[in-house]
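K.L.:
Have a look at this one before I ask anything.
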Amino acid sequence: MANDHVDVLIVGAGISGIGAAHHLLADRPGTTFTILECQEGYGGTWRTHTYPGVRSDSDLYTFGYSFKPWTGAPIATAEEILTYLGEVIEEDGLDEHIRYQHQIDTAIWSTEDRRWTLTGTRTDTGEAFTVSAGFLWMCQGYYRHTEGYTPEWDGMDDFAGEIVHPQTWPDDLDYADKRVVVIGSGATAATLIPAMAPDCAHVTMLQRSPTYFATGRNANELADQLRDLEVPDEWTHEIVRRQVLKTQALVTSMSAEHPELVKEELFKGIKAILGDDYDLSPHFTPAYRPWQQRIAFVPNGDLFEGIKSGKASVVTDTIDRFVPEGIRLASGEVLEADLIITATGFEMSVLGDITFTIDDEPLDFAQTVGYRGTMFTGVPNMAWVFGYFRASWTLRADLIADFVCRLLDHMDELGAGIVVPQLREQDADMGLLPWVDPEDFNPGYLMRALHLMPKQGTKEPWRFTQDYWAEKDEFPAADLDDGALRYR
Ligand SMILES: Cc1cc2nc3c(=O)[nH]c(=O)nc-3n(C[C@H](O)[C@H](O)[C@H](O)COP(=O)(O)OP(=O)(O)OC[C@H]3O[C@@H](n4cnc5c(N)ncnc54)[C@H](O)[C@@H]3O)c2cc1C
């Protein structure tokens, strides 16, 4: 390592880590920092996922940074997002701060030394490395990048064809003229199916239960109008961000207050493609209300165009077992396949699978309480960027970045080397809740790992509301001297 001690160590060179570095350069120009990233390049999610058609499901006006205008279509391909991130790296000269192929394995905090010591392995040479830092900015995302989640089904070994998880898509996978079954109906399945349909013999989406889909043009009329008027990109970006956020807020409150109305609107979009007589009840009518899980956006209705063309179809049933020729369903039907894609989700990774020790005590993350969903009781000098599920992840990454820079400024003013969240006397009888309310948001990957996650409290500043509209005011106004953060 060029520097073996830095003021701030950023874990991960995905959209959060690159954003964190930008904020440090802009807001704290004297701060030394390094980004450690285990992969060969930047991008995180957008580098890991290479399956056909991989794209964002939120618009890039809000998934993009506040500080860098987005100028393309709202829904972007992974390649376009990587280009955008590459531009930030180049414009900010971040290359010299990023160390690729550095896998962090342990993080050890010493109160006496007022620093974190991180050890890890270089994935290119196998060499061990050590680096220390005053503050740890965890931008490692929320899921394991090396493998996706595939349930164990009986008979998987009997299947004569190939089984592939979209997260580890083989470069040379040939699906031309094959019969493909995609298990799952989330955003990944909705992306893969229209991208594969033209080339394979047929593709079936096999779902246990339906998902809500929103259809619409991959365009933003307001952005197009503003561009037509030659409004500067910075203005267009800000105006369209505000428009998108306002619309999302409306959809979220409508989903809670008038779920039936929102359902009807979503269904209208599907029927516009499949026809009014198409029966939506078995395949496209979820049991939960809209927004309890992320609504998958289908740009230009491409998934439904695939179904209309006859090249794609949907089956809603449970898997009994895999058989040599495909999948036998609970109904007894056998779905024949040459290739099975398991679009069954992620393995949650808590703190990047790094083993944390604090003053010789192993950290049990599940025993901590989150401070504003970003710092944790008893864990000094550390912030984790955990974004929004429904709104774009990056909106929260930006808010946290401003907050961390303000906190570091405040520590400088106080001459403090340590900040650690701690419950106050008045918090003693506060109730504790799961990190995310399962009633409110409950995707499988989160539910499988909820017991490993920190708790949230029932009052400020210990709540984690996942509410951008509240947090956009709360983070900047957070009282850093309310006793919940202790300085030394
Ligand atoms: C296919 C797909 C589409 C998505 N689309 C959207 C969307 O449209 N809108 C939205 O808001 N969200 C979306 N998400 C969620 C998405 O993951 C986040 O929005 C965002 O990209 C996360 O960025 P990040 O930088 O926080 O984490 P990541 O992208 O996960 O990057 C974390 C980085 O940290 C590195 N890392 C992890 N552990 C270690 C370690 N121990 N040592 C060194 N390096 C480490 C990883 O290699 C990785 O590069 C999508 C997710 C997927 C999988």
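K.L.:
What spacing in nm lies between the two simple spin-label points modelled at L222 and T146, each 7 Å away from Cα in the Cβ direction?
P.N.:
4.5 nm
K.L.:
With Rg and the Kirkwood Rh both taken from Cα atoms, where does Rg over Rh land for region 437-486?
P.N.:
1.04
K.L.:
Relative to the present Cα-Cα distance, how much length would full extension add between R448 and D113 at 0.36 nm per residue of separation? Don't skip to the end; give the middle numbers.
P.N.:
On the way: separation 335, 0.36 × 335 = 120.60 nm, distance 3.67 nm.
Stretched fully, the R448-D113 segment lengthens by 116.9 nm.
K.L.:
Oh, and also: When the Karplus curve 6.51 cos²θ - 1.76 cosθ + 1.60 is applied with θ = phi - 60°, which whole-Hz ³J(HN,Hα) does each residue of region 26-36 get, with x for Gly and Pro?
P.N.:
Ordered by residue, 3J(HN,Hα) equals 6, 9, 9, x, x, 6, 8, 8, 9, 9, 9 Hz.
K.L.:
Rg over Rh of the chain, using C-alpha atoms and the Kirkwood radius, what does it come to? Write out the running numbers ahead of the final one.
P.N.:
Details: Rg = 23.4 Å, Rh = 24.0 Å.
Ratio of gyration radius to Kirkwood radius for the chain: 0.97.
K.L.:
Compute log10 of I(q)/I(0) for region 378-480 with the Debye formula, placing one identical point scatterer on every Cα and leaving out solvent, at q = 0.10, 0.11, 0.20 Å⁻¹, to two decimals.
P.N.:
-0.32, -0.39, -1.27
K.L.:
Give, rounded to the nearest 20 debye, the magnitude of the charge dipole that region 150-344 has about its Cα centre when Lys and Arg contribute +1 at Cβ and Asp and Glu contribute -1 at Cβ. Please list the in-between numbers first.
P.N.:
Values: 17 positive and 32 negative charges, 147 e Å.
It works out to roughly 700 debye.
K.L.:
Follow-up. Given H placed on each backbone N at 1.01 Å, which residues far from T342 in sequence or on other chains put an amide H within less than 5 Å of it?
P.N.:
So T342 has HN proximity to V164, H165, I183.
K.L.:
Round to the nearest 0.05 the FRET efficiency obtained for M254 and A176 when R0 = 45 Å and r is the Cβ-Cβ distance. Let's see the in-between values first.
P.N.:
Details: r = 43 Å, r/R0 = 0.96.
Here the calculated transfer efficiency is 0.55.
K.L.:
Starting from the Cα of Y288, step 7 Å along the direction of its Cβ; do the same at D437; then give the gap between the two resulting points in nm.
P.N.:
Distance between the two pseudo-spin positions: 1.4 nm.
K.L.:
Residue by residue, what Karplus-based ³J(HN,Hα) values in Hz, rounded to whole numbers, does region 297-303 have, using 6.51, -1.76 and 1.60 with θ = phi - 60° and x for Gly and Pro?
P.N.:
Whole-Hz 3J(HN,Hα) from phi for region 297-303: 8, 10, x, 6, x, 4, 4.
K.L.:
Okay, moving on. For region 150-344, take N as its residue count and report Rg(C-alpha) divided by 2.2 N^0.38 Å.
P.N.:
Numbers: Rg = 19.2 Å, N = 195, 2.2 N^0.38 = 16.3 Å.
Ratio of Rg to 2.2 N^0.38 Å for region 150-344: 1.17.
K.L.:
By how many degrees, 0 to 90 and rounded to 10, does the Cα axis of helix 468-477 deviate from the longest principal axis of the chain?
P.N.:
Helix 468-477 sits at roughly 10 degrees to that axis.
K.L.:
Ok, one more. Alpha carbon centre of region 412-488 versus region 295-361: separation in Å?
P.N.:
33 Å
K.L.:
Under 5 Å between amide hydrogens, which residues at least 5 positions from K455 or on another chain qualify, with H placed 1.01 Å from N in the peptide plane?
P.N.:
Residues meeting the amide H criterion: T368, V369, G370.
K.L.:
Residue by residue through region 258-263, which ³J(HN,Hα) values in whole Hz follow from phi under the Karplus form 6.51 cos²θ - 1.76 cosθ + 1.60 (θ = phi - 60°), with glycine and proline marked x?
P.N.:
Result, ordered by residue: 9, x, 5, 5, 5, 3 Hz.
K.L.:
Just grab the label-to-label distance for R122 and H5, each label 7 Å out from Cα along the Cβ direction, in nm (one decimal).
P.N.:
Using points 7 Å along Cα→Cβ, the separation is 2.3 nm.
K.L.:
Continuing with this model, one more query. Residue separation times 0.36 nm, minus the C-alpha to C-alpha distance between V315 and D199: what's the value? Walk me through the intermediate numbers first.
P.N.:
Values: separation 116, 0.36 × 116 = 41.76 nm, distance 2.02 nm.
My answer for the length gained is 39.7 nm.
K.L.:
Same structure again: Is it possible to state the helix-based mean residue ellipticity at 222 nm for the chain, with each DSSP H run of 4+ residues giving -39500 (n - 2.57), the sum divided by total residues, to the nearest 500 deg cm²/dmol? What is it? Walk me through the numbers before you get to the answer.
P.N.:
On the way: 13 runs with 145 residues, N = 488.
Helices in the chain give a 222 nm mean residue ellipticity of -9000 deg cm²/dmol.
FYI, it's all coordinate maths here, none of it is from the lab. Quantities reported herein were computed from a predicted structural model and do not represent experimental measurements. All Cβ positions, even for glycine, are placed from backbone atoms using ideal geometry, and neighbour counts span all protein chains on display.
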